[in-house]
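The values are calculated or read from the model by the stated rules, or taken from the named source; none is laboratory data. The shown structure was predicted, so the numbers you read here are calculated from the model rather than taken from an experiment. FYI the Cβ positions are ideal-geometry reconstructions off the backbone, even for glycines, and counts take in every protein chain you see.
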Amino acid sequence: MRSFIPLVCALVLVGCGADRPSTIGGGSSPGTQAGTDRQAIEPGPLSEPFARLVPGDDLDAIEAAVRPPARFAGQTPRFTVEWRTFRFQHLGKVEEKRWQVVLDGDRVVALLRSGDIELVGFTPDHAPTVLALPKERYHLDNLIGPMLNTGQLLGPVWTHGSIYDEAQVAANAQRAQERWESDGRTLVLVRQRRSADLDADYRFTFSLDPVYGYRVDADQRIAWKRPPGPKDAFHSATFCPGNYVPWPSAIRYDRTVFTPADLPGWKGWANNNLCMERCDDGRTGTSGVVWRDGGFIAYLDPRSGWSPVRTRKDGLGPFRATVCNAHNDFHISLRFPEVAADSAGRRAYRCLHRLMAMPPEMTRHVWDGTTLIQEGQRGLILGLGSNQDFEDQPVLLTEPRRGLVWTGGGPRVVDGHAHSGAKSLEIIGRSWPNLPQVSLAPGQPYRLSAWFKVRPWTADELAAAQAKDAANRAKLAKDGKPQPPAVDWSGPPRAWIAADYYEWSPYADAMVERMRTNEATRIGEWQQVILDFTAPDWGPFVNIAFHADNGVALLDDFSFAPR
């Protein structure tokens, strides 16, 4: 099992993301933006005092047991909030966004974007003094901090920024009302909605905790004016960058941990892209991801020791979460249990959630006490950024490892036949590692290369390929879909790698541009294939797929890296 890296007293904290804009896409930074047209927001006075909202939950119990130092005791924050304008390059257009930024003096604490709070700085010592958003489109892969949603039950608040059309929110008559309040030491975002079904009063309080540093307390009070039905839910998510992007330079957190309802303590997985695919689907050996009330979800950083954590205490009971296999974020839909109505016929609920970072002492404690899924299991994970010779494949799934994976069963690891070392991969037909998405840095030159050795099909392999093709054509005909081009079954064997740009989804989008390496065609010889290209300024995703036609190919010494 991977050990916790010892921490020194003078901790070096890699910030939540604003100081690492060049990590996405594996290459150098194309430039960043701090925002323009800055306009201060003048908060009103506090309408109610702030208190520690969540006494006695699991995280508080860990704090009491570990007794971490109060590193920030005696420090007085100077919170302010302001509007800033950002411009992002998209495919064929530039989008302008007007977002709010929370500051402590000159330190950047948080970015408020489309209904999400992104915690940019964990502590005063390491919060950036310059906000550094990318200039290309802003999306999940290049977010700069873990998120806390603010839009639950407040109407349509799109939480993924420029992926969706925010104009729909502005045009909606039931958009939430909001204001800011402050007493100098705390800063509060108040969001409210009144409707025929419910009243929602939310307070998101920014404070400087003596132990945790910057923290956000979400006090979300909901009063239903009718009994909540089975479709009424408190939706949320726990997205945190630094967990899943396959480029080595983007790796920050090595484990994902949560508090399960079916056993004491903590359960989790090593942050490799196969565990993210398997963690909630019954292959874990337990009951999947059932999150207990009073618990937390955390992303552990064994190097700096500061680990973002999301807590909950809401009285809504255990919740069976789904985990996105592409982004390693928990999709949360808490249901409302029956409660007695008050004299006005209202049914009241209070959801108390927090976002902050555990200090190193608590991170170590949770790391050491976590039960990992996939113990003893191995799988194929195809790394990026350096040469992959497959000598250590399949890798242990209790170790953090980023890279491309196959959800439907990947190629076979072949021992004893290789271009270098002893192992290679067997490619038959189109072999597509469909997770995760691979983002590119704008203007960055890349090289995609590998070595192939091809051979013709045997008679049995040819018959199997023809039967598979016929079954696929019959299914397409039944579904009323167009047929693929006819296959020349007498052609020579050949192998190559495809690399296609797309905008958002490899399933729903048409490819923007299709590229491919040269073909390997010499039977029985190792032959190198290469594709050099430079990513466009909007920072696309690229779809990588391995191809072997009219035969079988061995693949070795694969590399996809910045040049």
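Residues considered: T322, T311. Of these, the only one that is of a type in the set (S, T, N, Q) and out of contact with any Leu (no Cβ under 8 Å at 6 or more places or on another chain) is T322.
Evaluate segment 263-274: report whether one residue or more is free of Cβ contacts under 8 Å to residues at least 40 places away in the same chain and over 23 Å from G151 (Cβ atoms). Spell out the reasoning first.
Step one: list which residues in segment 263-274 are free of Cβ contacts under 8 Å to residues at least 40 places away in the same chain, which gives 264.
From what's left, over 23 Å from G151 (Cβ atoms): 264.
Yes, that holds for at least one residue.
Go through segment 342-357 and give me each residue that's of a type in the set (A, V, I, L, M), farther than 15 Å from L316 by Cβ and in contact (Cβ under 8 Å) with a residue 12 or more places away in the chain. Full working, then the answer.
The initial filter retains those residues of segment 342-357 that are of a type in the set (A, V, I, L, M), namely 344, 348, 352, 355-357.
Subset that is farther than 15 Å from L316 by Cβ: 344, 355-357.
Across segment 342-357, the qualifying residues are L355, M356, A357.
Which of the residues that make up segment 385-405 are out of contact with any helix residue (DSSP H, G or I) (no Cβ under 7 Å at 6 or more places or on another chain) and over 19 Å from T370 (Cβ atoms)?
Residues satisfying the conditions are S386, N387, Q388, D389, F390, E391, D392, Q393, P394, V395, L404.
Of all residues in segment 82-115, those that are in contact (Cβ under 8 Å) with a residue 60 or more places away in the chain and of a type in the set (D, E) total 2.
Given the structure, is A508 exposed (fewer than 13 other Cβ atoms within 10 Å of the Cβ), within 32 Å of the chain's Cα centre (by Cα) and of a type outside the set (S, T, N, Q)?
Working: exposed (fewer than 13 other Cβ atoms within 10 Å of the Cβ): yes; within 32 Å of the chain's Cα centre (by Cα): yes; of a type outside the set (S, T, N, Q): yes.
Yes; evaluated as a whole, the condition is true for this residue.
In the set (1) closer than 15 Å to Y446 by Cα; (2) in contact with a Leu (Cβ under 9 Å, 6 or more places away or on another chain), T534 fails one condition alone, (2). Across segment 260-272, the number of residues qualifying as at pLDDT 95 or above and assigned to a loop (DSSP other than H, G, I, E, B) comes to 1. Candidates in segment 66-103 are the residues that are loosely packed, with under 13 Cβ neighbours inside 10 Å and within 29 Å of the chain's Cα centre (by Cα); of these, the one that is nearest to S114 (Cα to Cα) is R98. Filtered by the rule that a residue be of a type outside the set (F, W, Y) and in contact with a helix residue (DSSP H, G or I) (Cβ under 9 Å, 6 or more places away or on another chain), segment 228-251 gives P241, G242, N243, V245, P246, A250. Among the conditions (1) among the polar types (S, T, N, Q); (2) in a strand (DSSP E or B); (3) in contact (Cβ under 8 Å) with a residue 60 or more places away in the chain, the only one that N243 does not satisfy is (2). The strands (runs of 3 or more DSSP E) found wholly in segment 60-161 and carrying at least 3 residues that are among the charged types (D, E, K, R) and either at pLDDT below 95 or closer than 30 Å to P248 by Cα (or both) occupy 93-104.
Looking at A548, A553, A535 in this structure, which one is in the same structural domain as L384 (by TED's automatic domain parsing), at pLDDT 95 or above, within 26 Å of the chain's Cα centre (by Cα) and surrounded by 18 or more Cβ atoms within 10 Å (Cβ to Cβ)? Step through it out loud before you land on a result.
On the way: A548 fails: within 26 Å of the chain's Cα centre (by Cα); A553 fails: within 26 Å of the chain's Cα centre (by Cα).
Answer to the check: A535.
Here segment 325-341 is the region considered, the condition is being under 23 Å from G315 (Cα atoms) and of a type outside the set (A, V, I, L, M), and the residue that is nearest to the chain's Cα centre (by Cα) is D329.
Quick one: how many residues across segment 324-353 are of a type in the set (V, I, T) and modelled with pLDDT of 90 or more?
Final tally of qualifying residues: 1.
Residues that are loosely packed, with under 14 Cβ neighbours inside 10 Å and in a loop (DSSP other than H, G, I, E, B) within segment 523-532 comprise G524, E525, listed in sequence order.
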